[in-house]
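Colleague: Can you read through this structure? Questions will come right after.
We did not get these values from a lab; they are worked out from the coordinates using the rules stated. Given the structure is predicted, the values throughout are model-derived calculations rather than measurements. Note that each Cβ is placed from the backbone with ideal geometry, even for glycine, and that neighbours are counted across all protein chains shown.
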Amino acid sequence: MSAAAPDYAQEIQRSAREILARTASTEGLLERLRAEDVSRGAWDAAAQAGWFRLLSGEAAGGLGAGPAELAALFREIGRHLAAGPWVDTVVAAGLLRDHADLGPDTALIGYLPEPGAVVEFAAVADVLVVRGPDSIGLARGALAMPLKSFDLAGRPAQVDLTGATVEAVVEGAEAERVAVAIARLARVARSGELAGLAAAALDMSVRYAGERVQFDRPIGAFQAVQHRIAEMAVTRTAVDSALAAIVTLAASEGTDAEQAALYEYAAGEARTVVLSALQVHGGIGFSAEHPLHAYIKRVLRLQAVAGEGEPLLDLGGRLLAG
Amino acid sequence: MAATAVKPLADRLDELRDWLARETPRDLPYDLDARFPRLVEWQRKLYDAGWLGYGWPAEFGGNGGGPTDKVILSVELARAAAPVPAGTIGLEVIGPTLTRFGTDAQRRRFLPPMLRGDEIWSQGFSEPEAGSDLASLRTRAEKVEGGYIVSGRKTWTSWGQFARWCGVLARTDPDVPKHKGISLLMVDMESEGAQTFPLVQMTGDAEFTETLFERVFVPDENVVGQPGDGWNLALDILAHERGPLVVRRQVEIAVGFEGIVENARRLVAAGVLADDARLRERVGRAWAQLRMLEAYAAGLMGHLVHGDLGPEASIGKRLVTEVEQAVFELGFDILGASRGLAEDAVPGMNADKWTRDYLYSRAASIYGGAAEIQRGIIAQRVLGLPRA
């Protein structure tokens, strides 16, 4: 699906890192997350940089990029813990812009893949896209009830479509094709976010272990701490490599079951990394004044989002059935 | 790098796969003494067919080609479940070192018979008192007219009983800091005073020997690099073998996993293994770990092409070890009541093989630098944490 050059993903990564460092700095992260639902500076810069048309075809003014570029972008979004309906706007809306006018690039988009699903930022979304039995459409008059959440960078909501009208924009087999692409690419995006969160947690831990002095030396000089952080680097690499495998599956004929299994695996590994980061930080890491808990809670939510069924178990069952 | 004399191996994959499907020996005896001559034969066959020369300089018996050719060949061998050639230590450890640091005379003398399997090599690094702390090795090489007199004891010498030559790390200068007084010497194992004693492992195999050197003479021309370079050569050797090892081992583990899933089906069908959630989850997780590792190895190939793989190879070593141990533990656990038996309760279950493979996997976090050594390298040399 991507005709992009192999180094295009690297270019996206560089540009995303530069834009997010400026607009969603991790200095003052907690203040930023408390002050606004959506990291507005980053959001507007993203619109200007064309991120919300990353996946759109050229006819819709898009960049026609593929899963590798998407993964690179979301790795940076995770690393900077930028808040907003990134996945739905970049992936669902990005693909639908080929079919429908979804308004300005800065629009906040929510995507409801099935009735009853939790949609992030649905309460503040400008447009709600709904997957129906035989179509994908834009809902008007839907009710979004915010859910309380530990996640500082997400604003989950329960969507009630009673009394809403849905105007179909894609129908039939094409709707099915788009819905499948959205599901696959959303998994790529979330895996990228997990990889970025794990990388950030490792970096924070290396920095902290070099600064925090106990027993007259930086704690990072103690072998017990060094070995824990070394294993974090190994597990972080496992998350990155699982991400690469998920990208490969999205770009090829890999089955949904395989991709879902790899996502569950990646989320579990990312969780191991952020929890190790907590151990390295000790008491300060457990304090709400330190930003680490925002990374931990985000990973836990991303892992829960994957919790439809038990993908690793299901895949194992398939392999055993032959 | 030598000019490529023949078509690149990457362009001959179909041909190689056909050849391997046809020629791979399938009836090798398990007993090592009977097996080893067959492995030598296999190496000669690979060489004579023109496959084994890939990645080796054309002027010293190779085919030329690039640094990834050797990795491609080892991956294809693993994929075909073909045996590793007899001279693997020469091919993977000593040969590459001679290619980079040897003299032309050394390359001319040693590489051609090493490639063809006419001369088997072993590696004399570890000692009974110098394992993880390799630099504290005690084997001495005393300077005499025209060469050195080597005395000391080595251990974990892979296939030492079959080796004609041994690459030995020995202390040539006891008066300088321990990392600086070590040299790499090529010792002729037919010399007077060189002896090997088979060392049986917990798997029951004797792949290793203890190797004793009692006043063995080694001529000056058999020193690799300069006297005192030994430690840096050893680090270079260990770092260079980690990347290719991960790429090859990853394929071997994947082949093992296929056999494990097949065995699980057999055992479920025979009613001795429950196809329950616990089994399914473990199979699914092992599959995911292998896909992860495969993607990691694909990235590693890029670094091998550019030759820019540094201490981060230790991350790969940790990853491959973790996956290997998880996969072969699964292969062992599904044997149920037959775990640890060398008898089959169900025809074809191969309890003997899967028990051995499981036991062998436990060595993965010990050989080639123990897990603790890898963690130290990652912490200090990759992440830059302070030394204690």
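Colleague: Full extension from B:I366 to B:A345: what is 0.36 nm times the residue separation minus their Cα-Cα distance, to one decimal in nm?
Modeller: Between B:I366 and B:A345, full extension yields an extra 4.4 nm.
Colleague: Under 25 Å Cα-Cα from A:K148, which lysines qualify once same-chain neighbours fewer than 8 residues away are excluded?
Modeller: Partners within reach: A:K297.
Colleague: Could you work out the percent of alpha carbon pairs in segment B:122-227 separated by over 20 Å, rounded to a whole number?
Modeller: Details: 1858 of 5565 pairs.
For segment B:122-227, the share of Cα pairs beyond 20 Å comes to 33 percent.
Colleague: Could I ask something else about it? Whole number please: convex hull volume per residue of the Cα set in the protein assembly as shown, in Å³? Numbers along the way, then the final one.
Modeller: Numbers: hull volume 126.8 nm³, N = 710.
Taking the convex hull of the Cα positions in the protein assembly as shown, it is 179 Å³ per residue.
Colleague: A follow-up question, please. Using Cα pairs under 8 angstrom and six or more residues apart, how large is the relative contact order of chain B, in percent? Before the final figure, lay out the partial values.
Modeller: Numbers: 640 pairs, mean separation 47.4, N = 388.
Averaging sequence separation for qualifying contacts and normalising by length gives 12 percent for chain B.
Colleague: Hey, another quick one. Mind putting a number on the dipole of segment B:122-227 about its Cα centre? Charges go on the C-beta only, +1 for Lys and Arg and -1 for Asp and Glu, and I need it in Debye to the nearest 20. Walk me through the numbers before you get to the answer.
Modeller: Numbers: 10 positive and 16 negative charges, 51 e Å.
Dipole of segment B:122-227, to the nearest 20 debye: 240 debye.
Colleague: Please tell me which of these pairs span more than 18 angstrom C-alpha to C-alpha: B:K45/B:K70; B:K154/B:K353; B:K180/B:K317; B:K143/B:K180? All intermediate terms of the calculation are to be shown ahead of the outcome.
Modeller: Working: B:K45/B:K70 16 Å; B:K154/B:K353 29 Å; B:K180/B:K317 27 Å; B:K143/B:K180 16 Å.
From B:K45/B:K70; B:K154/B:K353; B:K180/B:K317; B:K143/B:K180, over 18 Å: B:K154/B:K353; B:K180/B:K317.
Colleague: Next question. Within 12 Å, Cβ to Cβ, of A:L194, how many net charges do the neighbouring residues add up to if Lys/Arg are +1 and Asp/Glu are -1?
Modeller: Numbers: positive: A:R75, A:R79, A:R187, A:R190, A:R236, A:R271, A:R298, A:R301; negative: A:E193, A:D240, A:E264, A:E269.
Cβ neighbours under 12 Å give a net charge of +4.
Colleague: Here's a follow-up. Beyond 22 Å, how much of the Cα-Cα pair distribution for segment B:232-382 remains, as a whole percent?
Modeller: On the way: 5121 of 11325 pairs.
Counting pairs separated by more than 22 Å, the tail of P(r) holds 45 percent.
Colleague: In nm, to one decimal, how far is the A:S25 label point from the B:K178 one, both placed 7 Å along Cα→Cβ?
Modeller: 4.8
Colleague: Points 7 angstrom from Cα along the Cβ direction at B:E221 and B:R35: gap in nanometres?
Modeller: Here the modelled spin labels are 3.7 nm apart.
Colleague: Which distance in nm do the two modelled labels at B:A388 and B:E262 give, with both placed 7 Å along the Cα-to-Cβ direction?
Modeller: Reported label-point gap for B:A388 and B:E262 is 4.6 nm.
Colleague: OK, next. Translational diffusion coefficient of segment A:176-321 at 25 °C, 0.890 mPa s, Stokes-Einstein with Kirkwood Rh over Cα pairs, in µm²/s as a whole number. List each step's numbers first, then the result.
Modeller: On the way: Rh = 16.2 Å.
Rounded, D is 151 µm²/s.
Colleague: How high is the relative contact order of segment A:229-322, in percent, counting Cα pairs under 8 Å that sit 6 or more residues apart? Don't skip to the answer; put the middle values down first.
Modeller: Values: 75 pairs, mean separation 29.8, N = 94.
Contact order relative to length: 32 percent.
Colleague: May I pose another question? When the gyration tensor of chain B is built from Cα positions, what are the square roots of 5 times its three eigenvalues, in whole Å, from largest to smallest? Before the final figure, lay out the partial values.
Modeller: Values: eigenvalues 253, 117, 97 Å².
Square roots of five times the eigenvalues give 36, 24, 22 Å.
Colleague: Please give the contour-minus-distance gain from B:H306 to B:D188: 0.36 nm per residue of separation, less the Cα-Cα distance, rounded to one decimal in nm.
Modeller: Values: separation 118, 0.36 × 118 = 42.48 nm, distance 3.47 nm.
Additional length available on full extension: 39.0 nm.
Colleague: For chain A, restrict the atom set to alpha-carbon positions and state the Rg and Dmax in Å.
Modeller: When restricted to Cα atoms, chain A yields Rg and Dmax of 19.8, 68 Å.
Colleague: How large is the dipole of the protein assembly as shown about the Cα centre if only Lys and Arg carry +1 and Asp and Glu carry -1, each at its Cβ, rounded to the nearest 20 debye? Let's see the in-between values first.
Modeller: On the way: 73 positive and 94 negative charges, 240 e Å.
My answer is approximately 1160 debye.
Colleague: Contact order normalised by length for segment B:122-227, with contacts defined as Cα pairs under 8 Å and 6 or more residues apart; what percent is it? Walk me through the numbers on the way to the answer.
Modeller: On the way: 260 pairs, mean separation 32.6, N = 106.
Computed value for segment B:122-227: 31 percent relative contact order.
Colleague: Order of A:S149, A:S252, A:S287, B:S365 from fewest to most other C-beta atoms within 10 Å? Before the final figure, lay out the partial values.
Modeller: Details: A:S149 15, A:S252 8, A:S287 11, B:S365 18.
Fewest-to-most Cβ neighbours within 10 Å comes out as A:S252, A:S287, A:S149, B:S365.
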